[in-house]
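Working notes for the structure below.
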Amino acid sequence: MDIIKTIRLKKYFLMKKRVIKALDGIDIFLHQGETTALIGESGCGKTTLAKILLGFYSIDSGKIFFEGKDISDLKHNLPIIRKNIQIVFQNPYLSFDPNYSVFSTLYEVLSTFSKVSKKDAYTVVGDILKKVGLDTNILFRYSHQLSGGQLQRVSIARALIKNPRVIILDEPMSSLDVSTTKKMISLLNLLKQKISVTYLFISHNLKLVRNIAHYVFIMYQGKIVECGPKESIYNNPLHPYTRLLLEASEYKLKELFSVRDGEKEGCLFRIRCNDEALHCKIEPRLREVEPNHFVSCHHV
């Protein structure tokens, strides 16, 4: 069952007399209880999609469904969104008020939907901290007194405390070292087994999500260029951009993402592609090449 589904979703921004097509007809779906990965470079539209799903932006056209209900009019469906969809931000140090302790931070969220007393809240907050692998001795610590890994676990606890159906993880490992990242991936997988939650994992690093994703969407300049089950994407990557993401090291990814293409007709990737041909001036469409595996490329 699709807990979230979008159809031909569009969101454009006008910047310095130029139209930025942040989302240009996006079709995605999140299967209930699974992890869907959304991969692409900075500026490709990933975070714009996340903000739309959270109700921060309206849409220009298209449809959004939550559990089969049309919530495209996001303003009038904010109660559904706020109750069911939460987010873990990229930088945990910037997502906490330095004047609030861990308890105050989590209690503030808890008190917005529950009439639990402060005394009883200690038990609730303590339980949620244990779920994310933290000891209750950090309850009255402040953000500057915690490591990045601890803070990100508190971020996950803050998202979980409302018992949401969906958690958006927006580049959640980008500020963590390799060892801490592995521990966080293990934690997210463990939580998914224990509770009924669906993840949308946003990242620029395709290699990172291999041990957590069920289905993968590859986004390039506001469009989905390839999508499929994890096994198809990793074992049979078909779009040249997907192959580039898989082959690149973290250093090369940063170098790659410093390159920006201008507006052009046809395939958006053709300037970077080694196989550019005359017919690449015609925009390719997503088409199914094997069960549930779609690609937008004339050469496939």
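Brief remarks on what is shown
- Three-way shape call for segment 38-182 based on the alpha-carbon gyration tensor, with the a/c threshold at 1.5: oblate
- Scaling against 2.2 N^0.38 Å puts the C-alpha radius of gyration of segment 1-117 at 1.22.
- The convex hull built on the alpha-carbon positions of the chain has an orientation-averaged projected area of 16.6 nm².
- Heavy atoms of the protein chains alone define the surface here; on that basis segment 1-137 has 53 Å² accessible area per residue at 1.4 Å probe size.
- Beta bridges by DSSP in the chain, antiparallel share as percent, to the nearest 5: 60
- Partners for LYS17 among lysines (Cα-Cα distance below 21 Å; same-chain residues under 8 apart left out): LYS264
- Per-peptide average of other Cβ atoms within 10 Å, ordering 38-46, 280-288 highest first: 38-46, 280-288
- Whole-Å distance, taken between Cα centres, linking segment 67-125 and segment 1-63: 22
- Contour excess over end-to-end distance, with Cα ends at VAL178 and ARG18 and 0.36 nm allotted per residue: 53.7 nm
- Bridge type composition, segment 99-250 - antiparallel percent by DSSP, nearest 5: 60
- Dividing the summed helix terms, -39500 (n - 2.57) for each DSSP H run of n ≥ 4, by the number of residues in the chain produces a 222 nm estimate of -9000 deg cm²/dmol to the nearest 500.
- Among the listed pairs LYS131/LYS162; LYS75/LYS192; LYS11/LYS162; LYS21/LYS63; LYS130/LYS182; LYS83/LYS131, those beyond 23 Å (Cα-Cα): LYS75/LYS192; LYS11/LYS162
- Here the relative contact order of the chain, from alpha carbon pairs under 8 Å that lie six or more residues apart, stands at 21 percent.
- Neighbour net charge for GLY33 - beta-carbon separation under 14 angstrom, K R +1, D E -1: 0
- Around ALA50: net Lys/Arg minus Asp/Glu count, Cβ-Cβ under 12 Å: +1
- Under 13 Å from the ILE195 label point (7 Å along Cα→beta-carbon), backbone N, segment 116-142: 124-134
- ³J(HN,Hα), Karplus 6.51/-1.76/1.60, whole Hz, each residue of segment 206-221, x for Gly, Pro: 5, 5, 4, 8, 4, 9, 9, 7, 9, 9, 10, 10, 9, 10, 9, 6
- Take 203-213, 154-164 and order them by the average number of nearby Cβ atoms within 10 Å per residue, most first; the result is 154-164, 203-213.
- Relative contact order (percent, whole number), segment 95-173, Cα cutoff 8 Å, 6+ residue spacing: 39
The values are calculated or read from the model by the stated rules, or taken from the named source; none is laboratory data. Since the structure is predicted, the reported quantities are computational estimates derived from the model, not experimental observations. Reconstructed Cβ throughout: ideal geometry from the backbone, glycine too, with neighbour counts over all protein chains shown. Heavy atoms of the whole protein, side chains included, go into the accessibility calculation; ligands, DNA and RNA do not. Shrake-Rupley method; radii C 1.70, N 1.55, O 1.52, S 1.80 Å.
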